[in-house]
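The structure under discussion appears below in the form of structure tokens.
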Amino acid sequence: MKWTLLGLLAVVALIASVVIGPAAVPLAELAHSDIVWNLRAPRALLAFLVGGSLGVAGAGLQALVRNPLADPFLLGLSGGAGLGAVLAIALHVSGPWALPIAAFAGALAALGLVYRLGLIGGAALDPRILLLGGVAIGAFAAAITTAIVSLADAAELRNAFLWLWGGLSGASWDTVLVVALYAPIPLAVLLAAARPLDLLALGEESAGYLGADVEAVKRRVYLAASLLTAAAVAVSGVIGFVGLVVPHIARLTWGHRHRALLPAAFLGGGVLLTFADTLARTVVAPRELPVGVVTALIGVPVFAFLLRRWTIA
Amino acid sequence: MLRRLGFVVLLLASCRPSGRPAVGPSQRIVSLLPSFTEILFAIGAGDRVVGRTQWCDYPAAALAVPSVGDGLPPNIEAVAARRPDRVVLYNAGPNVTAAKQFERLGIRTVLIDLNRLEDLGPAARTLGRLTGQEEQAESLATVMDSLAGRPPPSSTTSIAFVVWDNPPIIIGHGSYLDQLAAQAGARNVFGDITAPSAQVALETIVARDPRWIAVLVDSAAPPAFMKRREWRAVRAVREGHFLLLKGSLFGRPGPRSGEAIRQLTALLAR
């Protein structure tokens, strides 16, 4: 029943996102409208893929660091991506894909640094150090970014922050194709780690006794979740809230078993971001709202409602 | 007791507004907006400009004036180091705070609105009064007023100003660029948006179908987004109808606004 409802929501979200928009496209022309085929359809699919990826990455990271506040962007990736993007603009790297590639590279660099910090105590990845290291590296990268923006001459640098705030304006079939080819690999890695992630909730020691290769699982989950987030930030900037709230909503409804939780977080994240983007494009048309505003405006009330029901029950 | 009284007198004397010269024409001016720098030079007060922003690149003589940085927000010390008797600031939030700081240092300031064509005349008159160049300022202001008051020609083409591509930010009705377009005979397809600029969905640009996409650039290189696939949905992009407008001429209202309108008209007639 829950799955049918979620599946239905996903279909409705995708259809609504393609049918509704600020430009008036008559229903009869939907099938052969350039706006629908080349803008709305790829944007809806990208929203779904990015939202889903953020949902799963968030669920995986929350289990890994055993902290309900964990968010895919907490681990320094947004700072790294921002630094990459701003550097690309400051160094006049041109080309239509310069910004996404630079942001991806920046996120990967931050990922590498945080990962290295996480191993600082020895061969075991320490989740607490991952969290602290992520926050520290993120702050450091953000400081360098701000320094570049305030010192460099290029006026367009000030606008680079707009891109970082996140949005799906860059969606095209190219971006959809890139994400659709890339995301399944880390998604599969995370799904394969569903059982050990359940065990990890009992504590690392207990998980080890119950047969989980704790160190390998932690590394795999961290890297897969971060690689998913890096791709998301490269194509759509930092879209907040999806990766934080969707895993909690999924957990409140589906329980703590990751075999169900992760797919639910994927579909839930996809639904939330697709709906949010449809609203962002239409509610103040012809203007557009930043999609992160809408994800928070929808996500928080849903979360509060579920939390209330859950704590009362 | 007498000593104490003397101290109080001294204290009172030091409280009197002092150190300020009597109000006369400003002799050392720091201009914190390229438009003000252009106006000051145009009304013959250029030789009294002792500080400018790094963006003030016109007229050529302005480049010889020391720069005090980007002016966003003003670097108080760098400006004060030029020992100005008047700082000219654009009237906006952070500048209001900066102006108060200058006043506390005993430096007179003036905050001037300059957002649209009709602000040019009053701005020129204000600067003329402060520099004692009333006559030249009045003749410039008259030209500017007639420019602002001129009914725009009926539009023969349409345009969208794209300030940023991801997310797409466009120029709306309440802006100088919208006025430039109207005076050059082009209808801003986002003229219904009252804000000076706004974020819109790409499909809205496609649906509004402007004949021209105008971009303010400092370099001659076209912006990279023109090659991105999603932008190919916009007809003007597919057809290569781009206007690369130099920000230093088109991006600021000033004495050269008439020149900007003439150049834009010529570009649109291509």
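The values are calculated or read from the model by the stated rules, or taken from the named source; none is laboratory data. Quick caveat: nothing in here was measured; it's all calculated off a predicted structure. In this analysis, Cβ positions are derived from the backbone assuming ideal geometry, glycine residues included, and neighbour counts consider all displayed protein chains.
Take the residues in the stretch B:196-205 that are within 22 Å of residue A:277 (Cα to Cα) and more than 7 Å from every other protein chain (Cβ to nearest Cβ), then tell me which one is surrounded by the most Cβ atoms within 10 Å (Cβ to Cβ).
Filtering the stretch B:196-205 for residues that are within 22 Å of residue A:277 (Cα to Cα) and more than 7 Å from every other protein chain (Cβ to nearest Cβ), the one surrounded by the most Cβ atoms within 10 Å (Cβ to Cβ) comes out as B:205.
Looking at residue A:158, is it surrounded by fewer than 17 Cβ atoms within 10 Å (Cβ to Cβ), more than 9 Å from chain B (Cβ to nearest Cβ) and at pLDDT below 95? So that I can check it myself, show each step before the final result.
Details: surrounded by fewer than 17 Cβ atoms within 10 Å (Cβ to Cβ): yes; more than 9 Å from chain B (Cβ to nearest Cβ): no; at pLDDT below 95: yes.
For residue A:158, the condition - surrounded by fewer than 17 Cβ atoms within 10 Å (Cβ to Cβ), more than 9 Å from chain B (Cβ to nearest Cβ) and at pLDDT below 95 - is not met.
If the requirement is being on the phi > 0 side of the Ramachandran plot and either within 20 Å of the chain's Cα centre (by Cα) or away from chain A (no Cβ under 14 Å) (or both), which of these qualifies: B:185, B:258, B:174?
B:185
Scanning for something modelled with pLDDT of 90 or more, surrounded by 22 or more Cβ atoms within 10 Å (Cβ to Cβ) and within 13 Å of another protein chain (Cβ to nearest Cβ), does the stretch B:214-231 turn up at least one residue?
yes
Considering each residue of the stretch B:144-160, count those that are surrounded by 16 or more Cβ atoms within 10 Å (Cβ to Cβ) and either more than 14 Å from every other protein chain (Cβ to nearest Cβ) or in contact with a Cys (Cβ under 6 Å, 6 or more places away or on another chain) (or both), and give that number.
7
Which members of the stretch A:165-223 meet the condition of being more than 14 Å from every other protein chain (Cβ to nearest Cβ), over 16 Å from the mean Cα position of the chain (by Cα) and not in a helix (DSSP H, G or I)?
Passing the criteria: A:193, A:201, A:202, A:203, A:210, A:211, A:212, A:213.
Hey, among B:264, B:245, which residue is outside any helix (DSSP H, G or I) and in contact (Cβ under 8 Å) with a residue 24 or more places away in the chain?
B:245 is the lone residue from the list that is outside any helix (DSSP H, G or I) and in contact (Cβ under 8 Å) with a residue 24 or more places away in the chain.
Scan the stretch B:97-114 and give yes if some residue there is among the charged types (D, E, K, R), away from chain A (no Cβ under 14 Å), in a helix (DSSP H, G or I) and buried (at least 18 other Cβ atoms within 10 Å of the Cβ), otherwise no.
no
Enumerate the pairs (first residue in the stretch A:20-36 and within 12 Å of chain B (Cβ to nearest Cβ); second residue anywhere and acidic (Asp, Glu) and crowded, with 20+ Cβ neighbours inside 10 Å) with beta-carbon separation below 9 Å, excluding pairs fewer than 6 apart on the same chain, so at least 6 apart or on different chains.
Close Cβ pairs (under 9 Å, with a partner that is acidic (Asp, Glu) and crowded, with 20+ Cβ neighbours inside 10 Å) amount to A:21/B:203; A:22/A:288; A:22/B:203; A:23/B:203; A:25/B:203; A:35/B:203; A:36/B:203.
Can you name every residue in the stretch A:271-300 that is touching a Ser or Thr at 6+ places or on another chain (Cβ under 9 Å) and away from chain B (no Cβ under 14 Å)?
Answer for the stretch A:271-300, where residues must be touching a Ser or Thr at 6+ places or on another chain (Cβ under 9 Å) and away from chain B (no Cβ under 14 Å): A:272, A:273, A:274, A:275.
Exactly one of these conditions fails for residue B:239: (1) surrounded by 19 or more Cβ atoms within 10 Å (Cβ to Cβ); (2) out of contact with any Gly (no Cβ under 9 Å at 6 or more places or on another chain); (3) more than 12 Å from chain A (Cβ to nearest Cβ). Give me its number.
Here residue B:239 meets the rest and fails (1).
Given the criteria buried (at least 20 other Cβ atoms within 10 Å of the Cβ) and in contact (Cβ under 8 Å) with a residue 24 or more places away in the chain, does residue B:133 qualify?
yes
Identify all residues within the stretch A:50-87 that are more than 20 Å from residue A:251 (Cα to Cα) and crowded, with 24+ Cβ neighbours inside 10 Å; write none if there are none.
Listed by number, the residues that qualify are A:75, A:76, A:77, A:78, A:79, A:80, A:81, A:82, A:83, A:84, A:85, A:86.
Within the stretch A:88-107, which residues are farther than 13 Å from residue A:163 by Cβ and either surrounded by fewer than 21 Cβ atoms within 10 Å (Cβ to Cβ) or over 18 Å from the mean Cα position of the chain (by Cα) (or both)?
Residues satisfying the conditions are A:90, A:91, A:92, A:93, A:94, A:95, A:96, A:97, A:101, A:105.
Name the single residue, out of those in the stretch A:253-308 being of a type in the set (Lys, Arg) and touching a residue at least 40 places away in the same chain (Cβ under 8 Å), that is surrounded by the most Cβ atoms within 10 Å (Cβ to Cβ).
Across the stretch A:253-308, the extreme among qualifying residues is A:281.
Considering each residue of the stretch B:26-82, count those that are of a type outside the set (A, V, I, L, M, F, W, C), buried (at least 24 other Cβ atoms within 10 Å of the Cβ) and over 24 Å from residue B:137 (Cα atoms), and give that number.
Summing the residues that are of a type outside the set (A, V, I, L, M, F, W, C), buried (at least 24 other Cβ atoms within 10 Å of the Cβ) and over 24 Å from residue B:137 (Cα atoms) in the stretch B:26-82 gives 2.
Consider residue B:228 against the criteria (1) in contact (Cβ under 8 Å) with a residue 60 or more places away in the chain; (2) over 26 Å from residue A:280 (Cα atoms); (3) among the charged types (D, E, K, R): it satisfies all of them except one. Which criterion is unmet?
Every listed condition holds for residue B:228 apart from (2).
Could you tell me which residue of the stretch A:39-48 is nearest to the chain's Cα centre (by Cα), considering only residues that are more than 14 Å from residue A:276 (Cβ to Cβ) and more than 10 Å from every other protein chain (Cβ to nearest Cβ)?
A:45
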